[in-house]
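Following: one structure in structure tokens, then a few remarks.
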Amino acid sequence: MRTEMPDRQPTRSGDTPENAPLFIFRPPEPVDVENDDSDSSPSTSTLGETAIRSSFTTQSEDGFTTDMHFHSDFVAAKRFFGVSDNDSHKSVEEEVHDDEALAAFEGSSLLARKKDHPSKEELRSIRREHLSQLRVVQRSLEGIDQIAQRQFRRGFNEINFTCGVLNCIFVGYIFGVYPQHFWLVYLIEGSFLIPVRARAFTKHTWLNIAFYLADFVCVTNIIFLLSIVLSIFNRIMESPIVPLGYYKFFSLAAAGISCGPLLSACMILPVVCLLFHDINTMADLFIHIFPPMLMSTFRWNAAEVNESWPGVFVLDDLHHANFFPFDQGTISGNTLRFYFSWFILYSVFMLAVLLGVGNPLPRKNSHSGFLPYTVEQTPRPKYDTQFHSLMRGGLCTIIGPLWNRSKAESLVQMELNQFESRDFLVYMAGHFLFVTITTLIIGFPCLKNKAFHGLILIMVTAVVTLRGAKRYTYYATQMYGRMLRKSFNDLLDARSKY
């Protein structure tokens with residue numbers, strides 16, 4: 001006898017018990033229990049695949065239906081399958097052989113329209129398949145709940161979002177109406193955001209990324225903040241703490257760095273975006289976009305700054321300084337001198353400490369050389385750097401052809417998280433070219449023309465806002481569906497192994 005499985009017909013919300021959400025479950029193809037030579041109980045992999053192919057359909061008040069990969073109301077699904085709340089802790093086989101639950105399932109709406117009452121074995125087979133499908137949905141929804149809780153713990157909540165929006169309004173207002181006081185905003189927010197970001201570096205879940213603080217952008221912002229603090233103390237103290245020549249040198253270097261590489265990085269780096277709720281992302285945005293805004297107020301509103309804060313800043317040299325040639329006392333010359341000071345120290349640090357054979361901190365093993373060590377033979381790394389992160393992201397395969405390194409070898413190095421010193425030298429050469437070119441192409445016109453400087457700031461603000469909008473769109477429309485499909489696929493892979 002072939003079991004007939006009628007489709008559940010859609011009804012209006014008023015016709016459903018307890019106003020349950022409406023959905024239509026399309027069951028799998030019926031099984032010929034008596035004439036099937038195979039095992040009467042379907043395999044777990046078949047059940048999982050059936051659950052994937054199953055779909056729910058919602059019906060709106062105007063009669064139109066919409067297909068869905070899953071239904072969010074798990075309670076309604078349990079009632080539809082005839083499962084009580086007390087059965088959730090049982091395995092599928094325990095529920096299948098529970099005579100009381102089986103009797104409740106036989107009287108449920110799922111089999112209410114059947115003309116021929118199935119036998120007990122047929123009933124168990126149907127219930128086994130439906131329960132397996134339900135468990136797939138249940139575990140997937142639990143995964144979605146975990147994702148939502150993790151996002152909440154990371155700060156995705158209404159309080160952080162509100163504070164982020166209000167902060168952006170406040171920053172824009174001060175920058176536009178009171179530019180002479182904008183340095184106070186930079187000082188206050190930098191004193192809060194940079195330590196918070198530094199703490200997040202050390203508390204990273206996978207690798208300790210404290211060495212990210214040695215990157216050029218972080219070092220530059222830390223020195224900016226210290227310079228402002230020292231300027232205040234110099235104004236208060238009778239004798240200067242730091243010689244005046246230091247401020248003259250650094251004010252010119254800061255102008256070239258802020259309006260050149262930092263401003264250009266905002267347009268290039270995808271991680272620099274406006275996410276109101278995420279304090280770590282806002283900290284990344286701060287260290288890239290606030291220095292160009294600060295230099296804009298110092299360069300184009302120097303008279304107002306000196307009038308409001310007399311004797312605190314040395315801005316006359318910035319206002320009258322030449323950009324060329326590459327000599328000391330010019331903007332380009334001081335910028336490159338400051339950059340090379342960091343370049344030498346950072347390169348020695350990376351080559352001698354992180355990439356050296358004696359103490360390879362971020363690498364996955366303690367052996368010299370790269371091959372033939374495998375992932376299984378290497379312990380988990382503890383530290384990470386921006387260089388290693390970029391190399392794992394695909395830069396290794398791009399640089400590999402320079403040394404006739406095969407793609408397979410590059411992939412192994414990416415998996416082991418250990419790279420060659422010559423790769424690092426290529427990375428630093430690219431970094432130097434980026435800083436030099438952006439200082440000349442973007443920094444020079446920004447410091448020479450106020451309209452161009454303002455236009456670039458508007459463009460950068462639009463770019464980072466667009467990136468943030470795309471991220472929020474992903475959160476609202478794609479993330480949970482993608483995670484649910486991934487959960488389904490993981491369950492299928494797990495079931496296929498048994």
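The values are calculated or read from the model by the stated rules, or taken from the named source; none is laboratory data. Just so it is clear, the model here is predicted, and its values are computed rather than measured. Reconstructed Cβ throughout: ideal geometry from the backbone, glycine too, with neighbour counts over all protein chains shown. For accessibility, only protein heavy atoms count, side chains too; no ligands or nucleic acids. Shrake-Rupley method; radii C 1.70, N 1.55, O 1.52, S 1.80 Å.
Okay, here's what the table says:
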item: Long-range neighbours under 7 Å by Cβ, at least six apart or interchain, first residue part of a helix (DSSP H, G or I) within the stretch 222-246, second open to solvent by less than 90 Å² (accessible area, probe 1.4 Å) and of a type in the set (S, T, N, Q); result: L225/S191
item: Residue in the stretch 404-426 that is closer than 30 Å to P291 by Cβ and in contact with a Pro (Cβ under 9 Å, 6 or more places away or on another chain) present; result: no
item: Listing of helices (runs of 4 or more DSSP H) fully contained in the stretch 250-354 that carry 1 or more residues being of a type in the set (D, E, K, R); result: 279-300, 302-308, 316-320, 331-349
item: Qualifying residue in the stretch 100-114 (condition: modelled with pLDDT of 70 or more and acidic (D, E)); result: no
item: Enumeration of residues in the stretch 435-468 that are free of Cβ contacts under 8 Å to residues at least 40 places away in the same chain, aliphatic (A, V, I, L, M) and surrounded by 13 or more Cβ atoms within 10 Å (Cβ to Cβ); result: I437, L455
item: Filter pass, T162 being among the polar types (S, T, N, Q), surrounded by fewer than 18 Cβ atoms within 10 Å (Cβ to Cβ) and either in a helix (DSSP H, G or I) or on the phi > 0 side of the Ramachandran plot (or both); result: yes
item: M282 crowded, with 20+ Cβ neighbours inside 10 Å and modelled with pLDDT of 90 or more; result: yes
item: Flag if V305 is within 23 Å of V177 (Cβ to Cβ) and either among the β-branched types (V, I, T) or open to solvent by less than 20 Å² (accessible area, probe 1.4 Å) (or both); result: yes
item: Pairs, first under 14 Å from L425 (Cβ atoms) in the stretch 391-411, second among the aromatic types (F, W, Y) and part of a helix (DSSP H, G or I), C-beta under 9 Å, six or more apart; result: M391/F424; M391/Y427; L395/F387; L395/Y427; I399/Y427
item: Residues located in the stretch 195-207, provided they are open to solvent by 40 Å² or more (accessible area, probe 1.4 Å) and not in a helix (DSSP H, G or I); result: K203, H204, T205, W206
item: Whichever residue in the stretch 314-326 is open to solvent by less than 80 Å² (accessible area, probe 1.4 Å) and in contact with a helix residue (DSSP H, G or I) (Cβ under 6 Å, 6 or more places away or on another chain) and, among such residues, is modelled with the lowest pLDDT; result: D317
item: Complete set of residues in the stretch 357-413 that are open to solvent by 80 Å² or more (accessible area, probe 1.4 Å), among the aliphatic types (A, V, I, L, M) and modelled with pLDDT of 90 or more; result: I398, L402, L411
item: Residue in the stretch 437-453 that is of a type outside the set (A, V, I, L, M, F, W, C) and within 28 Å of the chain's Cα centre (by Cα) present; result: yes
item: First in the stretch 265-284 and among the hydroxyl-bearing types (S, T, Y), second anywhere and outside any loop (DSSP other than H, G, I, E, B) and open to solvent by 50 Å² or more (accessible area, probe 1.4 Å), Cβ under 7 Å, 6 or more apart; result: none
item: One residue from F152, F192, F211 being open to solvent by less than 70 Å² (accessible area, probe 1.4 Å) and among the aromatic types (F, W, Y); result: F211
item: Qualifying residue in the stretch 272-282 (condition: under 23 Å from L315 (Cβ atoms) and hydrophobic (A, V, I, L, M, F, W, C)); result: no
item: Selection status of I268, open to solvent by 10 Å² or more (accessible area, probe 1.4 Å) and closer than 21 Å to F192 by Cα; result: no
